[in-house]
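The values are calculated or read from the model by the stated rules, or taken from the named source; none is laboratory data. In this text, all values refer to a predicted model and were calculated from it rather than measured experimentally. Every residue, glycine as well, gets a Cβ built from its backbone with ideal geometry; the counts of neighbours run over all protein chains shown.
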Amino acid sequence: MKKSGYTFLALIFCLFATWAQAQVSNDEDLIQFSGMVLDGSSEQLFPVPYTNILVKGKGRGTYSDFQGFFSIVMAKQDTIIFSAVGYKTVEFTVPQDLEEDRYSLVQLMTVDEINLPEAVVFPWPSREHFKLEFLAMDVSLELQERATRNLANETLERMRSEVQKDGRENANYYLRQQSRDYYHIGQQAPMNIFNPIAWKKFFDSWKSGDFKKKKKE
């Protein structure tokens with residue numbers, strides 16, 4: 001009974017020593033892998049923000065920040081995959097003979113150009129059907145008058161003032177305002193009263209009679 005107990009304890013001790021050695025070996029293989037992801041398609045380098053960085057075969061990874069910087073813990077000889085929308089996917093394998101526990105990399109990405117075939121959308125199945133429908137169209141005087149009214153300047157002006165702006169127009173207006181504010185950031189924005197070009201336009205309009213009251217016919 002005592003012999004079997006000693007044998008069991010010796011077996012447990014050997015297993016624990018093997019596990020501890022494996023843990024030490026695994027810890028020695030781990031490195032802090034960091035670097036920058038840049039666009040290398042042109043002479044001037046730009047960061048590639050939010051690049052997907054995946055450790056191949058291990059189901060984990062990270063992504064670069066807005067400046068293209070990333071950092072991840074991985075093992076030696078691991079293969080890392082860089083992928084971003086609009087760029088070619090790149091793979092990089094960490095060297096095995098690293099002496100330090102840190103490794104830095106500047107990864108250049110190349111733009112991936114995809115040419116899609118031209119798509120033409122028609123309300124009819126084919127050009128022949130469109131020709132038949134167009135030639136058979138009866139453009140009456142009523143339709144011509146309606147088209148004339150819809151294209152009148154008064155109608156278009158009323159539509160411009162009444163129809164609400166969509167999300168794209170609002171975003172474009174906001175971005176233009178933001179760009180104008182950023183252009184003069186840190187300084188006082190210039191006023192047109194001190195603008196000689198604006199004064200010249202004013203005098204030219206004054207001489208040409210643009211400010212005179214026009215008689216109604």
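Listed here are the residues, each with its yes/no results for (1) of a type outside the set (V, I, T); (2) at pLDDT below 85.
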| residue | (1), (2) |
| --- | --- |
| T7 | no, yes |
| C14 | yes, yes |
| Q21 | yes, yes |
| Q32 | yes, no |
| M36 | yes, no |
| S42 | yes, yes |
| V55 | no, no |
| Y63 | yes, no |
| G68 | yes, no |
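Across region 150-175, what is the total count of residues that are surrounded by 10 or more Cβ atoms within 10 Å (Cβ to Cβ) and of a type in the set (D, E, K, R)?
Result for region 150-175: 4.
Just to check your reading of the model, which residue among T110, T155 is over 30 Å from L38 (Cβ atoms), in contact with a Lys or Arg (Cβ under 9 Å, 6 or more places away or on another chain) and among the β-branched types (V, I, T)?
It is T155.
Please indicate, with yes or no, whether at least one residue in region 124-137 is assigned to a loop (DSSP other than H, G, I, E, B) and under 35 Å from the mean Cα position of the chain (by Cα).
no
Taking V121 as meeting all but one of (1) outside any helix (DSSP H, G or I); (2) over 32 Å from the mean Cα position of the chain (by Cα); (3) not assigned by TED's automatic domain parsing to the domain that holds S34, write down the number of the exception.
Here V121 clears every test but (2).
Take V94 and decide whether it is modelled with pLDDT of 85 or more and of a type in the set (V, I, T).
yes
Can you tell me which residues in region 66-114 are surrounded by 11 or more Cβ atoms within 10 Å (Cβ to Cβ), of a type in the set (K, R) and under 22 Å from I31 (Cβ atoms)?
Listed by number, the list holds a single entry, K76.
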